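First the structure, in the form of structure tokens, and then the observations on it.
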Number of protein chains: 2
Amino acid sequence: MASPKPERKEAQAETHSAMDIAIVGGGIVGLMLTVGLLRIGVRVKVYEQARSFREIGAGIAFTSNAIRCMDLIDPSIVSALRSSGSIPTSRDPDDPNDYLRWVDGYSQRALYRINAGVSGFEGCRRDQFLESLAELIPVDGIAFQSRLVDIIQQTDLKAPVQLIFADGTTASADAVVGCDGIKSQVRRVIHGNDSPASYAHYSHTFAFRGLVPMEQAIIALGEYKAKNQHMHVGPGAHLLHYPVANNTMVNVAAFVRDTNDWPDENQIVAPATRREVQEAYRDWAPCLRDLVSLLPENLDKWALYDTWDFPAARFNKDKLCLVGDAAHASTPHHGAGACMGVEDVLCLVRLIEEVNSIVVIGKAADSKVIMLAFETFNTMRRTRTQWLVDSSRRVCDLYHLREWGDRELWTKAEVCFEEIRDRTLKIWHFDYEAMLKETTRNFREALVRLS
Amino acid sequence: MASPKPERKEAQAETHSAMDIAIVGGGIVGLMLTVGLLRIGVRVKVYEQARSFREIGAGIAFTSNAIRCMDLIDPSIVSALRSSGSIPTSRDPDDPNDYLRWVDGYSQRALYRINAGVSGFEGCRRDQFLESLAELIPVDGIAFQSRLVDIIQQTDLKAPVQLIFADGTTASADAVVGCDGIKSQVRRVIHGNDSPASYAHYSHTFAFRGLVPMEQAIIALGEYKAKNQHMHVGPGAHLLHYPVANNTMVNVAAFVRDTNDWPDENQIVAPATRREVQEAYRDWAPCLRDLVSLLPENLDKWALYDTWDFPAARFNKDKLCLVGDAAHASTPHHGAGACMGVEDVLCLVRLIEEVNSIVVIGKAADSKVIMLAFETFNTMRRTRTQWLVDSSRRVCDLYHLREWGDRELWTKAEVCFEEIRDRTLKIWHFDYEAMLKETTRNFREALVRLS
């Protein structure tokens, strides 16, 4: 680092690279990127605003496609996932757990299922995965209590980028990657505090979340439903439940369309009561009414924010780049937001590897080459990732069709699963090899035009 | 025929099949089905309400995928298409005509294009194709002036089905296929006069249609745009133009969202004035305002009807079956309604071939086997075809996004082309071989359960 924060010592091993990259945000995407860049010999430092890792202890699942991407970023990431209690869906082709399942929330008629394939998903606890990832990074590679407030780029783009933190300290780097999530400060630096594109906005859907003990859930839902993931759909709402904690609890997420604005954009989690959930699902099937009556009397509701209203026109500016939720925060209806972040990291590591090889063979980090890499990243990733943001909204709209409650119109709603399947398979069957090939080709072609 | 209409003579060659099928509707789908069934030796008769063929002389285009389906139905259908002035998009990989092209109707910025491939489409005049198809059918195979009013099935399903026409004559057949288009009477017989699913409904979009002489269109649009298909999109409207009549005219279809109901559902074409079009496009790019000012002072507007609001829950009932627009009328925004009809015909001909082989080897046409074929057709075709109805509405919604007019939000609208491309390729890259395999397998498995 040209100008590290004074209170921190640099013990990171010298690498052969002249380039260093600052990563803002020590979440899963930031740490995966760090591991990937360390593998290719780039000097990298993570700046995390928290005192320590304190991710919400919620579950997170990756598709087998995303896990293959992780393996290409660095096989140690897959080991970290598996060492942190990752639970693949079964390896048994007949296991019903390998399906995603949709049910009419009113009639309980089975609507559709998609076979996720053997080991189609691996779920783990987010906080455990984060800890396992952190173990792959030298201790001086992560600076905590570093809340970014601004980034200064000199008019002379060859000069290092300067990061300014809330405590008045600074740091500098050849380039900055914002992995700072849905409330990204790097996004604000790129697009300006006044631009609506600098912020995620309320999707007018929120989710009640709570846990129900398995034995009670079985009484409400029956054993098969209670022990397997099900998505119940209906007009203006949908309810997802799946077993957690070694089948001892059922996690319930009850989504509700909301015509109002969210009261406080700084507080996306608000207290709620079981009565509110019961009110929202009062017309639904008896087994679901029973299920929500088993929720704790006091629980949380989570506002869903995303970048649907005001997508970023670019993920990059000069020597700054956005990756993961910082670039394209999505509602969770595809369960694939983190998978997009993994794809992003794979793409960016490949590009930095290209930059690095140029740097190594000759001159010092050329700001133009770094900017070209970020520009290529923007071209390669913006459409697919923003498509996911849109698609997540779209499938939520389809889950909430008014036709679900109307026997006469049921046929109309049913057809939407053709679309839901197409969208799901587009996520699952991503051709990352083609992305890598195209990324490399685009970058090299642009490099030729540059010189 | 067990009981042919008395005034008509049966001169059709005797075939080895004991089964006869009545086809209601002598449009393109009805005649393709007739040709396909004649090839496999089924006795078939078409009942057409008009005095003669009098399809609207509009253009119709087929994807190369649909043309391969035609070839499997009967190669003579492809010959008929090519003998009726079919104009394939060029065979030159660099020809810009091979692209579908979308343009921002306000800024004229090029938004997206999809390469339809060499010879990706073949267009022809609908009336000429129909005439060429008719030449493949024995003269006594088509009965004109036969307006169906009802179909009677005996309680004993082994008895022939009786068709009743408006002039009081009757006919009978072992089974009836409704190819009678968007105003299908067979659909009403199946679903009942009181069911909204018996009728297509107004999509709240209409289209002004008119022709502009090429030399004038070139002054408005420039030569390149005038001579190539372009789709201009904008808030609440879109405008499609493409050259016709050997590049001497430009066909203009200007679509407009309509919040009102259509005044007369029996009259879907209404007179309109150029002033109305100018009013609808008053905020659009100058070149488009110029283009619409070149339309004739009096032109037509067409209401777009489809089966989106009330899809048919089934395409079959007993020994009746719906095919093409009669089953699933769509708005034209994918330009693929007729292609779906071709796929339908391919599927049904394969099924009747299966039925026929059973009939030939033993007993007479077994009504249960015919019903099973129609049931299999319903299973195989309903989802994809109704998906097209939905998808056509969806792409129209995307063309009409309010964001198109807003520079600040343009990025959001842009992403929709990822979805438009996916939808387009789903239509173009249909795996008809897989459909045929699955159709045969499903039918044979059901047959085993039947016996």
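Brief remarks follow.
- Cross-link partners of A:LYS225 among aspartates and glutamates, defined as those whose alpha carbon lies under 18 angstrom from its own and excluding same-chain residues fewer than eight positions apart: A:ASP94, A:ASP95, A:ASP98, A:ASP104, A:GLU215, A:ASP290.
- Using only side-chain charges placed at the Cβ, +1 for Lys and Arg and -1 for Asp and Glu, the dipole size of segment A:201-306 relative to its Cα centre rounds to 360 debye.
- Antiparallel content of DSSP bridges confined to chain A, in %, to 5: 75
- By the Cα gyration tensor, segment A:201-306 has an equivalent ellipsoid whose semi-axes, rounded to whole angstrom, run 24, 14, 12 from largest to smallest.
- Kirkwood analysis of the Cα pair distances in segment A:232-359 returns a hydrodynamic radius of 17.9 Å.
- To the nearest 10, the accessible area of B:SER76 is 30 Å² with a 1.4 Å probe.
- Placing +1 on the Cβ of every Lys and Arg and -1 on the Cβ of every Asp and Glu, with nothing else charged, gives the protein assembly as shown a dipole about its Cα centre of roughly 420 debye.
- Near B:TYR305, the amide H atoms lying under 5 Å from its own belong to B:SER203; only residues 5 or more places off or on other chains count, and H is placed 1.01 Å from N.
- When +1 charges are put on Lys and Arg Cβ atoms and -1 charges on Asp and Glu Cβ atoms, the dipole computed for chain B relative to its Cα centre reaches about 440 debye.
- Pairs beyond 32 Å (Cα-Cα), from B:LYS368/B:LYS437; A:LYS319/B:LYS426; A:LYS426/B:LYS183; B:LYS45/B:LYS183; A:LYS426/B:LYS319: A:LYS319/B:LYS426; A:LYS426/B:LYS183; A:LYS426/B:LYS319
- Counting Cβ atoms of other protein chains within 10 Å of each Cβ in B:243-251 and taking the mean gives 0.
- Positive dipole terminus of the protein assembly as shown, leading residue within B:VAL29, A:TYR399, B:LEU447 (C-beta point charges): B:LEU447
- Take the Kirkwood radius over Cα pairs of chain B, plug it into Stokes-Einstein at 20 °C and 1.002 mPa s, and you get 93 µm²/s for translational diffusion.
- Here the accessible area of segment B:201-306 is 49 percent carbon and sulfur, with a 1.4 angstrom probe and all protein chains present.
- The accessible area of B:THR259, taken with all protein chains in place and a 1.4 Å probe, comes to roughly 130 Å².
- Across the identical copies, how the B:VAL269 labels are spaced - nm, sorted shortest first, 7 Å along Cα→Cβ: 6.4
- Per-residue mean of C-beta atoms belonging to partner chains within 10 Å, peptide B:304-312: 2
- Applying the Karplus relation 6.51 cos²θ - 1.76 cosθ + 1.60 with θ = phi - 60° to segment A:273-283 yields 3J(HN,Hα) values of 10, 4, 4, 4, 5, 4, 5, 5, 10, 5, 8 Hz, where x marks Gly and Pro.
- Within 10 Å of each Cβ in B:409-419, the average number of Cβ atoms from other chains: 6
- Taking amide H as placed 1.01 Å from N in the peptide plane, B:ARG43 has its amide H under 5 Å from the amide H of B:MET19, B:ILE21, each at least 5 places away in sequence or on another chain.
- Antiparallel content of DSSP bridges confined to the protein assembly as shown, in %, to 5: 75
- A:ARG449/B:ARG82 FRET efficiency (R0 35 Å; Cβ-Cβ; nearest 0.05): 0.20
- Copy-to-copy label separations for A:GLY59, where each label sits 7 Å from Cα toward Cβ, in nm and ascending: 5.4
- Among chain B residues, the beta-carbon with the smallest distance to the axis carrying B onto A is reported, with distance in whole Å, as B:ASP422, 3.
- Cα-based convex hull, the protein assembly as shown, per residue volume (Å³, whole number): 186
- J(HN,Hα) series, segment B:164-181, from Karplus relation 6.51 cos²θ - 1.76 cosθ + 1.60, nearest Hz, glycine and proline x: 10, 9, 4, 8, x, 6, 9, 8, 9, 7, 6, 7, 10, 10, x, 10, 9, x
- Between the listed residues B:ASN115, B:LEU163, A:MET214, the Cα displaced farthest toward the positive end of the dipole of the protein assembly as shown, a dipole computed from Cβ unit charges relative to the Cα centre, is found at B:ASN115.
- Put the Cα centre of segment A:402-451 next to the Cα centre of segment A:267-324 and the gap is 24 Å.
- Calculated [θ] (222 nm, deg cm²/dmol) that DSSP helices of n ≥ 4 give over chain B, each run adding -39,500 (n - 2.57): -12000 deg cm²/dmol
- Label points for B:ARG441 are taken 7 Å from Cα along Cα→Cβ. From this copy to the others they lie 3.4 nm apart, shortest first.
- Chain A against chain B buries an accessible area of about 2000 Å², both chains summed, 1.4 Å probe radius.
The values are calculated or read from the model by the stated rules, or taken from the named source; none is laboratory data. Since we're looking at a predicted model, the values are computed, not measured. A quick note on method: Cβ atoms are made from the backbone with ideal geometry, for glycine too, and the neighbour counts reach across all protein chains shown. We work out accessible area using only protein heavy atoms, side chains counted, and drop any ligands, DNA or RNA first. Shrake-Rupley method; radii C 1.70, N 1.55, O 1.52, S 1.80 Å.
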